[in-house]
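Here the structure is laid out as structure tokens; the discussion comes afterwards.
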Amino acid sequence: MRKHYLIFIHGMGERQPDENPNSSYNDLWERLIKKSGKSIEEFEGQFGRICTNWHVDPLQKAAHTIFNASFPQLQNQPLNPMRGIRGFISFLMGDVVAYVSEDVNFIRRTVWTQIWKDLHDPLEQGATYSIIAHSLGSVIAFDYLFHLFYPKNEDDFSFIPKPDPVARPEDRNLEAITIKPEEIKLLRKQFRHFFTMGSPIGLFMMRKGSLWMEGEPFTKLYNPVRDQGRSWYNFWDSEDAIAYPLAELFKRNPENKNQILVDIPVETGFLIFDSHTGYWDNSDVAQKIANVIA
């Protein structure tokens, strides 16, 4: 049996040295098995998972360097409220700033390399795949799908910015990333569902001025999750300040009206931070995903 793969993409935030980067993925995976009503062996015979971790050492080191150089006095003051505020800005917002970089986009390259390593062979064998993404990870996933299904050139994998050694000599050290046209076609053909949790995708649409500078804002917004057999479910908690409902925003473009994009309100926590991080072990989230992929 050809498997259906679930690609997990985490969100922003500081990674602690002793933290298991896959712990949240494991929580959701275990809940999906329970909600499916299948045994572990049966479920894992039907589904596979691909775990990404883009909080790699260079990114972590850069954020810590900025924080320590700017606020050395806060390093030994864990109870100082400004330690938390400065930490949030440096490590969470720092991820956002790093992601919207104008160069080769280190985060995109990291995520894609990790995905392609485990997806390439199954894809060649006919496997299908869906994406489950949280917070900033949902923006990364949306950008992947947008570039995949709405490219300027059908054979161009524009999700990964091309190196420019002339403008940036350091690009000579980058490993080449090439995707064959037939592989791009498989990525399009075998994609199925998109699940977003605590997503700021709506806010990130402000990146592209052409969507709002002239006329009615966002009437040209493109939903890349389209065609029969595909769907997008957006989980959000009203107390999660980072999460945005998306269905009404994308409906501003009449071309999106026949696409399945559903906002699903859930209760993931009682505090702002808890509500943003609680999607991975939420029973309602797991049940809906299990029902869709069944």
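The values are calculated or read from the model by the stated rules, or taken from the named source; none is laboratory data. These numbers come from a predicted model, not from an experiment. So basically every Cβ, Gly included, is an ideal-geometry build from the backbone, and we count neighbours across all protein chains shown. All accessible areas refer to the heavy atoms of the entire protein, side chains included, with ligands and DNA or RNA removed. Shrake-Rupley method; radii C 1.70, N 1.55, O 1.52, S 1.80 Å.
So what's the chain giving for Rg/Rh, alpha carbon basis, Kirkwood Rh from the mean inverse pair distance? Display every interim value, and only then the final one.
On the way: Rg = 19.5 Å, Rh = 20.3 Å.
Looking at the chain, the ratio lands at 0.96.
I'm a student and want to see the number: the projected area of the Cα convex hull of region 222-270, averaged over all directions, in nm². Write out the running numbers ahead of the final one.
Numbers: hull surface 14.9 nm².
If you wrap the Cα atoms of region 222-270 in a convex hull and average its projections, you get 3.7 nm².
Under the 0.36 nm per residue contour assumption, what length would be gained going from the current alpha-carbon distance of Ser283 and Thr113 to full extension?
Extra length available between Ser283 and Thr113 comes to 58.1 nm.
Roughly how many Å² is the accessible area per residue of the chain, as a whole number, for a 1.4 Å probe? Could the numbers behind the result be given before it?
Working: 15550 Å² over 294 residues.
Heavy-atom accessible area per residue stands at 53 Å².
Note down the Stokes-Einstein diffusion coefficient of region 172-242 in µm²/s, whole number, using a Kirkwood radius over alpha carbon pairs, 4 °C, and 1.567 mPa s.
Once the numbers are plugged in, D ends up at 83 µm²/s.
Can you give the accessible area of Ile85 in Å² (nearest 10), computed on protein heavy atoms with a 1.4 Å probe?
90 Å²
If you only keep lysine pairs separated by 8 or more in sequence, or across chains, how many in region 112-216 come under 22 Å at the Cα atoms?
Pairs that pass both the separation and distance tests number 13.
Once neighbouring chains are kept in place and the probe is 1.4 Å, which whole percent of the accessible area of region 239-285 is contributed by carbon and sulfur? Please list the in-between numbers first.
Numbers: 1590 of 2820 Å².
The nonpolar share, carbon plus sulfur, comes to 57 percent.
Just to verify a number: FRET efficiency for Met82 and Asn253, C-beta to C-beta distance, R0 = 30 Å, to 0.05? Numbers along the way, then the final one.
On the way: r = 43 Å, r/R0 = 1.42.
Computed FRET efficiency for Met82 and Asn253 comes out at 0.10.
For the chain, modelled as a GNM with alpha-carbon contacts under 10 angstrom, which of Arg192, Arg31, Arg172 fluctuates the most?
Arg172
How do Leu246, Leu203 stack up against each other in accessible area, from largest to smallest, with a 1.4 angstrom probe?
Ranked list, largest accessible area first: Leu203, Leu246.
Ranked from the most accessible area to the least, with a 1.4 Å probe and all protein chains present, what is the order of Trp54, Trp236?
So the residues, ranked largest to smallest area, are Trp236, Trp54.
Dipole size in debye (nearest 20) for region 18-134 around its Cα centre, Lys and Arg Cβ +1, Asp and Glu Cβ -1?
For region 18-134, the charge dipole is close to 420 debye.
If you rank Val166, Val97 by how much accessible surface each has, with a 1.4 Å probe, what is the order from largest down? Walk me through the intermediate numbers first.
Details: Val166 140, Val97 100 Å².
Ranking Val166, Val97 by accessible area, largest first, yields Val166, Val97.
How far apart, in nanometres, would the label points at Ala167 and Glu41 be if each is projected 7 angstrom from Cα along the Cα-to-Cβ direction?
5.6 nm
For the chain, with a Gaussian network of springs between Cα atoms less than 10 Å apart, report the residue from Phe146, Phe204, Phe195 with the top mean-square fluctuation.
Judging by the Gaussian network model, the answer is Phe204.
At what distance in angstrom do the alpha carbon centres of region 194-239 and region 37-57 lie from each other?
26 Å
Choose one answer from Gly278, Gly198, Gly229: the residue with the largest mean-square fluctuation in a GNM of the chain with alpha-carbon springs under 10 Å.
Sorting by GNM fluctuation, first place goes to Gly229.
How many nm is it between the label spots at Glu267 and Asn26, if each spot is 7 Å from the Cα in line with the beta carbon?
Distance between label points: 2.9 nm.
Hey, what number do you get for the chain at 222 nm if only DSSP H runs of n ≥ 4 count, each worth -39500 (n - 2.57), divided across all residues, to the nearest 500?
Calculated mean residue ellipticity at 222 nm is -11500 deg cm²/dmol.
List residues of region 256-294, by number, whose backbone nitrogen lies under 19 Å from a label position 7 Å along Cα→C-beta of Glu239.
264-286
Ignoring any ligand, DNA or RNA, what whole percent of the accessible area of region 1-156 comes from carbon and sulfur when the probe is 1.4 angstrom?
52 percent
Have a look at Ser23, Ser39, Ala62 and report the one farthest towards the positive end of the charge dipole of region 1-68, computed about the Cα centre with Cβ charges (Lys/Arg +1, Asp/Glu -1).
The residue sitting farthest along the positive end of the dipole is Ser39.
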